[in-house]
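Asker: Okay, handing you the structure first.
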Amino acid sequence: MSSTRLVYSTQGGRTCPQCRQALADCRCAATQAQQLRGDGRVRVGRESAGRGGKTVTVVRGLALTDAQIADLGKQLRSACGTGGTAKDGVIEIQGDHVERVLGLLLKAGHAAKRTGG
């Protein structure tokens, strides 16, 4: 394995470190967006650590793409009537809505389980 890698080419400019194509021709971001994020074991729990004492409901392990996770997060937030975010394959919903989210996920066909106490 060579310890050198192509960083810049006069033909195409900067290159992607993963596929080594010109950044204009790189398809890594599109491929990564279509990959499934979770392992399929959906876990719903309540967390407050590192959030200034605020409680959030966290959904992890969804075997969906980033776009599908964002859509599901929007549906769950609107059903709970609260804010939140969907990033890095994890859906965070502000407040303690574990039972409501768990019911909605089970109704949608996800094999979700509650984690924590």
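The values are calculated or read from the model by the stated rules, or taken from the named source; none is laboratory data. Everything quoted here is computed from the prediction, not taken from an experiment. Every residue, glycine among them, receives a Cβ derived from its backbone with ideal geometry; neighbour counts consider all protein chains shown.
Asker: Find the residue count for the range 86-99, including only residues that are surrounded by fewer than 16 Cβ atoms within 10 Å (Cβ to Cβ) and touching a Lys or Arg at 6+ places or on another chain (Cβ under 9 Å).
Answerer: 3
Asker: Return the pairs, sorted by first residue and then second, in which the second residue is among the polar types (S, T, N, Q) and not in a loop (DSSP other than H, G, I, E, B), the first residue lies in the range 71-83 and is over 10 Å from Val101 (Cα atoms), the beta carbons are less than 6 Å apart, and the residues are 6+ apart or on different chains.
Answerer: Listed pairs, sorted by first residue: Thr82/Gln94; Gly83/Gln94.
Conditions (1) at pLDDT 95 or above; (2) in a loop (DSSP other than H, G, I, E, B); (3) among the hydroxyl-bearing types (Ser, Thr, Tyr), marked per residue:
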position	(1), (2), (3)
Asp39	no, yes, no
Arg43	no, no, no
Arg51	no, yes, no
Ala63	no, yes, no
Ala70	no, no, no
Thr85	no, no, yes
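Asker: Looking at the range 87-109, which of the residues that are part of a loop (DSSP other than H, G, I, E, B) and within 9 Å of the chain's Cα centre (by Cα) is farthest from Arg41 (Cα to Cα)?
Answerer: Among residues in the range 87-109 that are part of a loop (DSSP other than H, G, I, E, B) and within 9 Å of the chain's Cα centre (by Cα), the one farthest from Arg41 (Cα to Cα) is Asp88.
Asker: Which of the residues spanning the range 100-117 are in contact with a strand residue (DSSP E or B) (Cβ under 8 Å, 6 or more places away or on another chain) and buried (at least 18 other Cβ atoms within 10 Å of the Cβ)?
Answerer: Listed by number, the residues that qualify are Val101, Leu102, Leu105, His110, Ala112.
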